[in-house]
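Data first, discussion second: the structure below is written as structure tokens.
The values are calculated or read from the model by the stated rules, or taken from the named source; none is laboratory data. What you see is a predicted model, and the numbers here were worked out from it, not measured in a lab. Here the Cβ positions follow ideal geometry from the backbone for every residue, glycine too, while neighbour counts run over all protein chains shown. Note: areas computed on protein heavy atoms with side chains; ligands, DNA, RNA excluded. Shrake-Rupley method; radii C 1.70, N 1.55, O 1.52, S 1.80 Å.
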Amino acid sequence: MRSRIPIRDVNAADVRLHVNGEEHVVPVQPRVTLLDCLRDHLGMTGTHAGCEHGACGACTVQLDGEAVRACLIYAPMAEGYSITTVEGLQPNLSELHVLQESFWDAHALQCGYCTPGMLVAAAGLLARNADPSQAEIREALSANLCRCTGYVQIVEAVRLAADRLQQRKPAP
Amino acid sequence: MAGQGRFVADIRLPGMLECALVTSPYPRARILEVNREAARALPGVHEVLSGLTLAAQVTPLTHGIEVAGIAWYPLAVDCARYVGEWVAVVVAEDRYVAEDAVELVDVSYEPLTPVVDVEAAMEPDSPIVHEAVGTNVIYRRTFTWNDVDDDFESAPERLSHRVRWGRSSTVPIETFGVVAAYDPGTDLLDIWASIQMPKFSEQIATALRIPHSNVRVHYDVDVGGSYGVKRGLKHAVLVGYLARQLGRPVRLLEDRLENMIGGDAHGPDRIFDIDVAFERDGRVRSLIIRALDDCGAFPGRSVLQLGKPIGAITGPYRIGSVRYEAICVCTNKTGQVAVRGFGQAPTNFALEATMDRVAAATGMDRLEVRRHNYIQSHEFPYRIPSGTEYDSGDYETVHQKLLDRADWPTLVARRDALRAKGMLAGIGFASVLEPSGGNAAFEPLLNPHNDTTTWMESCFVKVDHDGCVTTSIATPTSGQAHETLMATVIGEELGIEPELIRVVHADTLTALPGNTPVASRMAIMMGGAAAGAARQIRDTVIAIGAHDMQVRVDEVEYANGDVVVRGRPDECRTWMQIVAIAHRQYHRMPPGFQPGLQAHFVYQVPKGERLPAADGTVQMYPCYAFEAHLPLVEIDPVTGRVRVREYYVGHDCGTIINPGVVRGMLIGGIAHGIGAALLEEFRYDSEGQPLVGTLLDYPMPTTLDIPDVQIVEHCTPSPLTSHGQKGAGESGYMGAPAAIASAVNDALGPLGLRCERLPIRLTELGERLAAASRSGTLPAPEDLQR
Amino acid sequence: MKAAPFSYARPSSIAEVCELLASADADVRIVAGGQTLIPLMAMRLARPSLLVDINWIPELKGIERGEHQLAIRACTRQASAERDECVARDLPLLLKALRFVGHPPTRARGTIGGSIANADPAAEIGLVAAVLDARVKLTGLVGTQCVSRMVPAREFVEGPMQTVREDFELLEEACFPVWDAGGHVGAGFQEVAVRDGDFALVAAAAQVSMNAEGTCERIAFGVTNAAVTPVCADQATARSLIGTRLTAVDIQAAAHALDDRLNPPNDLHANAAYRRHLVPHLLARALTEARDEAHVEARDDAPEVAGA
């Protein structure tokens, strides 16, 4: 009876991940985190490792639009989701997402290490709340540590992006 | 921002191997044997290296001062001296396998009694961390400037107190990482690192016993924050050695556990004992400061970190005499590294705590005491007792602007309204200096054999055939926007849009001399070097244009790249015409000029020409920025939880080259300072076991902990720099811890309680409030409402 | 910080989970949200040889309204529960508590059942389960059959991270009683943490039901991380408060009702003495919050508890 339950042994085996709209099949051990899988096996180095124990948010990605920490998911566990990383925020190669432009304009990044995580978390927020208050922005980013900026300019950037998105909406 | 950064973790070289460390579980132990067999046998493992093997092949790493008897190697040799010290390294195909192999390395230890408490470490019967030194006190010197004893004798008032600055650090979100690759054909060791460290390539070469020009450090690596701590010398020597041995690129990327304890990146850990002599009106006459620093098992730069604050030992105040005793003591804990401000933030905390005490003793308002003591704007340049001259300042004006911006009376009213609701609430104040421009003067000050005074930064600028400008900088960047700085300065000198200037990073073989972004120096030093090089280009352009029009240089004007005869606007040579002459038409060049259009400038730090005097008077850094902090905090009287509700800061760093960048640094520094004041500490138990090893135990401020910071800027330019700019890289952190402590003490004042130690831990404050409540000194809630 | 090697199983039914748990193999661990287990595995403090991923079982997700109860299936995400209409209407105490559980990304993955099964004394959901006298459903293979038993939450936890769940059992569901017998229900949740979103150093939860006349008809309250298990008011204490208006004096007495049963731990962030001091204050605040939410005006102002 036991044999019909799908079990992967410790060795590398194919994992199917749907990332930024594309299917990828990559052979990894079950213990490889989604974070390491994205970075080391799929070449997407935009998502960063800061602590590998879920305390800093640098590894934030979206699963089905919701911000989660990629260091706390093993690669096989991420099958079946639509995964979005910072590389997937841009509409195309020559255009930045409104959030990315806003971060630039508002000086919301210095070393840039926490920035991908911030962007992904902020994108998740704006997708479900187009008009967030300062408090709501801070709450949505409360799991993302930054050591450079003190957060004020990051919060301003998200608010700026929200305003810009509102302006771009077609009139009813 | 688009995920295209190139951090050390993103570097991919063919055949690259990964490292993981075997670390000591004991704070002090003899290493008896390192059994590597099982680990080496694991498939995917290429090497397991122990300290004995490595020590035979490398020269020990240097410290800030020479201490005979401390042999510092990347891997412990005969003895482990702190929990987490690296004992062996595993090199494998990937980090997963390397960590599996680490568990198979079998080390046998003989545990010894550690010394953990810094004051106990000074006792004659203490265990000695480095037996060959014979004592744990590796540095002790007293400096006396002017007549301290006389001033104390004659002053009407004096008081003594002790404050403690707990062991914290900057803990960037990116850990330290380094890649080494060796090419035997060219005998060149290439290094990519997340680095902020002067003389990095030189020290690697020295340790590996190879010529300096056999090491090339690449500066085009993104660095995920540093604020002082990313020195990585033992990491780099380790991978450099391994790369040469194994013939494959090797990377050491700290995981967070390795980083927090074994990375030797802890900050100052100080006890300050202070005596102050003062007038009844609050004017301070004299200070006696004893600064005792626990530098852990390997001092690193820590002794120098006791010396740098000598350059601002009296803060922004007119104090006539100072005695300063600096003591650096080893214990069996993680080693200390340079942290943002290089000792100035703890010293500022001690100074400001003292000023608040003076205020309390005289019954004066804390802010008025500062006003009585400020150096006045007409007194600059002002020489403090320790010999350093402050370049410029207008502290009184910044102070007043700050109060106006914060609307002082309504701020007080808001504090009182919080108290009326039953909360404890306090307004804090700190006025401090940020020394900037970084010279090396603390090295010869504390290290008589070190007669280094050269401390420089460089810039190379070239204009190509197309008229485009490229500049090359000799330093890595960890978030300080150096590219923006260079482009802005050069663009301004040459009259070109900064966006049109390309900035590249050199490597250590192609770079001109530089010292990397330490000591809040880049705006000053890189700005100065960029201005110097750009001005040479401009002068050359003017000379070429004037010569071609057969007029004298003083008859023309430079107008955004064009050269125009004064008063005759149609007699002109355009930028592109001059570029063509420089690159192609040597027959039109002024005689003796070199072909092409390029310049380099190596800029020595202003006022960096002299060694310290025998009595320890010294010109430390050249430029002194000023900041005044005014936070409002609220404390829950039951839980002791402190929340920073409002934050105002007045900031004067001279000419600001990029306002958005400076604002970001200032707020970032304040956030860091709030963490140091309320949250962050590397704690140890009495047996020397670290209690803090992950980010779960080391809480750093989140978006919910930092309020909206209101900044009021003022500009007192420096007369010493290219554009009047001073530094801002350490701003905010210089004063925030002192200001938060001051605010908490203002809140606790009505209860007769005081905090003398940072960080102010929740559980400790909560218990003190509980005790006050039980003994009746905490007013019942109804009382607080009056 | 890479986990030690493990095999990974993805059962698609509860029966399959039970089969895996009952197998003779060495260390088998269940992963649901992973927010607690995976960091432990990264530090190699947990090293299962087989990881059983229960996130792929539809029957383990969902919230169902039953008679006077809300049954939350174990793998329901904390974020889903936070957004659920039934929870908002029927379990106001759980909703309040969820806002203190980590940060949004934690709740996006963490599960209700995973948190209760983990029995971390610093966790909020387990406290709510104990205070509301929820019951957990444990299911395991006995012979060849899956057998379930219901265990009261108050009996489920035996100590820090220690529960009566056998290694071969799965926590399948948590059933929370709903107070729907009329009356105004109010909830209060108070927590002290080093930073917002961090683990609770101490947390207090309270739920009250007040009638139209403004007196209490039902009450439940308790604290966590102040003893080896959550400490809840017993029946006698609850009875003594029924019929009162929950004035400041009533609340002060209630807040101290648990004092003798406390045995707070010392750890890195908080000492036992600090925790002991906090308990009556947090309980008073939680009870006041609950009462106020139930829209009843007491004669006195919102009280603070004076030193004991």
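Remarks
- Residues that are outside any strand (DSSP E or B) and modelled with pLDDT of 95 or more, drawn from region C:200-229: C:Ala200, C:Leu201, C:Asn225, C:Ala226, C:Ala227, C:Val228, C:Thr229
- Scanning region A:36-65 for residues that are open to solvent by 30 Å² or more (accessible area, probe 1.4 Å), assigned to a helix (DSSP H, G or I) and either away from chain B (no Cβ under 13 Å) or over 16 Å from A:Glu23 (Cβ atoms) (or both) returns a single hit, A:Asp40.
- Conditions (1) assigned to a loop (DSSP other than H, G, I, E, B); (2) buried (at least 22 other Cβ atoms within 10 Å of the Cβ); (3) within 14 Å of chain C (Cβ to nearest Cβ); number of the one not met by B:Pro114: (3)
- Residue within region A:111-123 that is under 30 Å from C:Ala9 (Cα atoms), open to solvent by less than 20 Å² (accessible area, probe 1.4 Å) and without any contact (Cβ under 8 Å) to a residue 40 or more places away in the chain present: no
- Odd one out for B:Cys468, checked against (1) farther than 21 Å from B:Pro631 by Cα; (2) in contact with a His (Cβ under 7 Å, 6 or more places away or on another chain); (3) open to solvent by 10 Å² or more (accessible area, probe 1.4 Å): (2)
- Boolean, B:Pro622 is modelled with pLDDT under 95, in contact with a Leu (Cβ under 7 Å, 6 or more places away or on another chain) and either among the aliphatic types (A, V, I, L, M) or farther than 30 Å from B:Ala739 by Cα (or both): no
- Within region B:141-160, being assigned to a strand (DSSP E or B) and surrounded by fewer than 14 Cβ atoms within 10 Å (Cβ to Cβ) holds for B:Thr142, B:Ser160.
- Region C:28-46 residues that are within 17 Å of C:Ala9 (Cα to Cα) and within 9 Å of another protein chain (Cβ to nearest Cβ), paired with ones that are modelled with pLDDT of 95 or more and in a helix (DSSP H, G or I) (beta carbon under 6 Å, 6 or more apart): C:Val31/C:Leu37; C:Gly33/C:Arg109; C:Gly33/C:Gly114; C:Gly34/A:Leu72; C:Ile38/A:Leu72
- Checking each residue in region C:83-99 for being open to solvent by 20 Å² or more (accessible area, probe 1.4 Å) and away from every other protein chain (no Cβ under 12 Å) picks out C:Asp84, C:Glu85, C:Cys86, C:Ala88, C:Arg89, C:Pro92, C:Leu95, C:Lys96.
- In region B:12-33, the residue that is modelled with the lowest pLDDT out of those that are surrounded by fewer than 19 Cβ atoms within 10 Å (Cβ to Cβ) and not in a strand (DSSP E or B) is B:Arg12.
- Within region C:3-12, the set of residues being more than 7 Å from chain A (Cβ to nearest Cβ) and open to solvent by less than 30 Å² (accessible area, probe 1.4 Å) comprises just one member, C:Ala4.
- Considering region A:66-172, the qualifying helices (runs of 4 or more DSSP H), each wholly inside and each with 3 or more residues that are away from chain B (no Cβ under 11 Å) and within 30 Å of C:Leu40 (Cα to Cα), run over A:115-128.
- The set of residues in region B:344-391 being under 23 Å from the mean Cα position of the chain (by Cα) and surrounded by fewer than 20 Cβ atoms within 10 Å (Cβ to Cβ) consists of B:Glu389 alone.
- Selection within region B:173-216 - out of contact with any Phe, Trp or Tyr (no Cβ under 6 Å at 6 or more places or on another chain) and among the polar types (S, T, N, Q): B:Thr175, B:Thr186, B:Gln196, B:Ser201, B:Gln203, B:Thr206, B:Ser213, B:Asn214
- Residues satisfying the criterion are present in region A:30-51 (criterion: of a type in the set (A, V, I, L, M) and under 17 Å from C:Phe6 (Cα atoms)).
- Total residues in region B:643-679 satisfying the condition of being away from chain A (no Cβ under 13 Å), open to solvent by less than 20 Å² (accessible area, probe 1.4 Å) and either out of contact with any Ser or Thr (no Cβ under 7 Å at 6 or more places or on another chain) or at positive phi (or both): the figure is 3.
- In region B:489-535, the residues that are at pLDDT below 90, assigned to a helix (DSSP H, G or I) and farther than 30 Å from B:Ala312 by Cα: B:Pro498, B:Glu499, B:Leu500
- Qualifying residue in region B:147-158 (condition: free of Cβ contacts under 8 Å to residues at least 40 places away in the same chain and under 24 Å from B:Asp269 (Cβ atoms)): no
- Whichever residue in region B:418-444 is out of contact with any strand residue (DSSP E or B) (no Cβ under 8 Å at 6 or more places or on another chain) and modelled with pLDDT of 90 or more and, among such residues, is least open to solvent (accessible area, probe 1.4 Å): B:Gly422
- Search result, residues across region C:38-49 that are of a type in the set (A, V, I, L, M, F, W, C) and crowded, with 21+ Cβ neighbours inside 10 Å: C:Ile38, C:Met41, C:Ala42
- For region C:112-180, the strands (runs of 3 or more DSSP E) that sit wholly inside it and include 1 or more residues that are free of Cβ contacts under 8 Å to residues at least 60 places away in the same chain and in contact with a Cys (Cβ under 7 Å, 6 or more places away or on another chain) are C:135-142.
- Residue in region A:13-35 that is farthest from A:Ile83 (Cα to Cα), counting only those that are open to solvent by 40 Å² or more (accessible area, probe 1.4 Å) and in contact (Cβ under 8 Å) with a residue 40 or more places away in the chain: A:Arg16
- Residue-level check: of (1) modelled with pLDDT under 95; (2) open to solvent by 10 Å² or more (accessible area, probe 1.4 Å), B:Val605 misses just (2).
- Residue that is open to solvent by less than 10 Å² (accessible area, probe 1.4 Å), assigned to a loop (DSSP other than H, G, I, E, B) and closer than 18 Å to B:Ala739 by Cβ, where the choices are B:Gly341, B:Gly282: B:Gly341
- When residues of region B:554-563 are limited to those that are of a type outside the set (Gly, Ala, Ser) and open to solvent by 30 Å² or more (accessible area, probe 1.4 Å), the one farthest from B:Arg538 (Cα to Cα): B:Glu555
- Answer from B:Gly688, B:Gly724 - the residue that is farther than 24 Å from A:Gln110 by Cα, more than 14 Å from chain A (Cβ to nearest Cβ) and open to solvent by less than 10 Å² (accessible area, probe 1.4 Å): B:Gly688
- Of all residues in region B:209-263 being within 24 Å of the chain's Cα centre (by Cα) and assigned to a strand (DSSP E or B), the one that is nearest to the other protein chains (Cβ to nearest Cβ): B:Asp222
- Summed over region B:161-191, the residues that are more than 14 Å from every other protein chain (Cβ to nearest Cβ), open to solvent by 10 Å² or more (accessible area, probe 1.4 Å) and on the phi < 0 side of the Ramachandran plot give a count of 11.
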